[in-house]
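Each remark here refers to the structure printed beneath this line.
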Amino acid sequence: MSGPVGSDAWAALAGDSPTSRTEWAAVVAAWSEPHRRYHDLAHLAAVLGLLDGLTADVPDPDAVRLAAWYHDVVYDPQRPDNEEVSAARAQAGLRGLVPDERVAEVVRLVRLTAGHDPEPADGNGAALCDADLAVLAGPPQVYAGYASAVRAEYGHLPDEEFTAGRTAVLERLLALPRLYRLPATREWEPLARANLAAELTLLRSRASAGGAPPPAGG
């Protein structure tokens, strides 16, 4: 495997020891679980690819990239604490591979993706969150594909329950003062908000009409 999620890219961050290679294989296996429809290796590769253009001026680019590797390494749509468990997974997996200070920063960054609301001076957090939310600013057809894929991940939920949860996610995102924090990504804001608002309007209209909601995701 090569490219953003390949072993060479991982080794540049965590070394090429047998322990590191074993950890890379375990992380890739986790991202390859069959129930994933959006939060999969393609999403990881997209985030890592975007970070190449977003981390030039952040304090610890390697910590940001490692946090991307781990930010959804645990993804179970039936549990509410995936980010916390992913952070613990990062702490255990990176121990002895990178300096303790960097491990701590990776753990902090992974936890930050639960709310995508970094502090104004948090350059590392801004880069990771902006890259993770980039899909929201895609063309409408790309956004629809993302939403449909995540709805499939929550296929165990009935429409009414999913719609309530998804509506809460959309409202929380739209309530953020900014979705994107870096100067290079602020131009994404209008389209992302338009996509979110359009989905929210459609979900509300379907819910009030008592019909099935469109495919959507969180």
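What follows is calculated from the coordinates using simple rules that are stated; it is not laboratory data. If you're wondering where the values come from, they're calculated on a predicted model, not measured in any experiment. Neighbour counts run over all protein chains shown; Cβ positions are idealised from the backbone, glycine included.
Write down the Kirkwood hydrodynamic radius of the stretch 107-214, to one decimal in angstroms, obtained as one divided by the mean of 1/r over all alpha carbon pairs.
14.7 Å
Is the stretch 3-132 rounded, prolate or oblate when judged by the Cα gyration tensor, a ≥ b ≥ c being the square roots of its eigenvalues, rounded requiring a/c under 1.5 and prolate requiring a/b larger than b/c?
Because its axes are fairly even, with a/c under 1.5, the stretch 3-132 counts as rounded.
Using the Karplus equation 6.51 cos²θ - 1.76 cosθ + 1.60 (θ = phi - 60°), what ³J(HN,Hα) coupling, rounded to whole Hz, does each residue of the stretch 163-168 give in order, writing x for Gly and Pro?
Whole-Hz 3J(HN,Hα) from phi for the stretch 163-168: 4, 4, x, 5, 4, 5.
Please state the relative contact order of the stretch 3-132 as a whole percent: Cα pairs under 8 Å, 6+ residues apart?
26 percent
Along the stretch 184-195, what does the Karplus equation 6.51 cos²θ - 1.76 cosθ + 1.60 (θ = phi - 60°) give for ³J(HN,Hα), rounded to whole Hz, x for Gly and Pro?
5, 10, 5, 5, 6, 4, x, 5, 4, 5, 5, 4
About the Cα centre of the chain, what is the dipole size in debye to 20, counting +1 per Lys and Arg Cβ and -1 per Asp and Glu Cβ, all else neutral?
Rounded to the nearest 20 debye, it is 480 debye.
The stretch 95-155 to the stretch 52-87: how many Å between their Cα centroids?
The stretch 95-155 and the stretch 52-87 have Cα centres spaced 6 Å from each other.
Please check: in the Gaussian network model of the chain (C-alpha springs, under 10 Å), which one of 40, 117, 81 has the largest mean-square fluctuation.
In the Gaussian network model the winner is 81.
Relative to the longest principal axis of the chain, what angle (0 to 90°, nearest 10) does the C-alpha long axis of helix 82-94 take?
10 degrees
Give, to the nearest whole percent, the P(r) tail of the chain beyond 23 angstrom, counting all Cα pairs.
It works out to 46 percent of all Cα pairs.
Taking only C-alpha pairs under 8 Å that are 6+ residues apart, what is the relative contact order of the chain in percent?
About 19 percent, as a whole number.
Among 109, 157, which comes first, second and so on when ranked by fewest other beta-carbon atoms within 10 Å?
Arranged by neighbour count, lowest to highest, 109, 157 become 157, 109.
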